[in-house]
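The values are calculated or read from the model by the stated rules, or taken from the named source; none is laboratory data. Owing to the predicted nature of the structure, the values given are computational and were not obtained by experimental measurement. Here the Cβ positions follow ideal geometry from the backbone for every residue, glycine too, while neighbour counts run over all protein chains shown. Heavy atoms of the whole protein, side chains included, go into the accessibility calculation; ligands, DNA and RNA do not. Shrake-Rupley method; radii C 1.70, N 1.55, O 1.52, S 1.80 Å.
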Amino acid sequence: MKLYRLLTEDDTSAFCHKVTAALNKGWELHGSPSYAFDAQRGVMRCAQAVVKDAPGTNTPATKLGEQCQRRDRGFHTPGPPWST
């Protein structure tokens with residue numbers, strides 16, 4: 001299956017860390033980042049789409065943020081962060 005996520009965050013280093021973490025879990029950038037002003041909060045917001053191929057079938061119960069990929073053995077069942 002092909003998985004899709006849209007990562008969003010205020011325009012701070014937290015956004016870059018969020019995207020970097022996704023890339024290190026095997027997600028790939030999809031398209032260009034977006035940048036918009038949140039007038040209600042008075043801050044700039046960033047967004048970046050990421051995609052990943054994974055085994056199985058997508059369902060509403062699929063926890064996209066927990067999809068992991070071990071670089072040395074391919075895909076595995078998500079577990080604690082220290083298991084990757």
message: Considering only residues that are within 15 Å of Lys52 (Cβ to Cβ) and charged (D, E, K, R), which ones fall in segment 1-17?
response: Lys2, Arg5
- line: The lone condition Thr8 fails out of (1) open to solvent by 80 Å² or more (accessible area, probe 1.4 Å); (2) of a type outside the set (Gly, Ala, Ser); (3) modelled with pLDDT of 95 or more is (1)
- request: With the condition kept exactly as written, say whether any residue in segment 27-46 is among the small types (Gly, Ala, Ser), at pLDDT 95 or above, touching a Pro at 6+ places or on another chain (Cβ under 7 Å) and open to solvent by less than 60 Å² (accessible area, probe 1.4 Å).
  value: no
message: Take the residues in segment 47-66 that are surrounded by fewer than 11 Cβ atoms within 10 Å (Cβ to Cβ) and among the hydroxyl-bearing types (Ser, Thr, Tyr); name whichever of them is farthest from Leu7 (Cα to Cα).
response: Thr57
- prompt: Any residue at all in segment 53-66 that is over 12 Å from the mean Cα position of the chain (by Cα), within 29 Å of Ser32 (Cβ to Cβ) and modelled with pLDDT under 80?
  reply: no
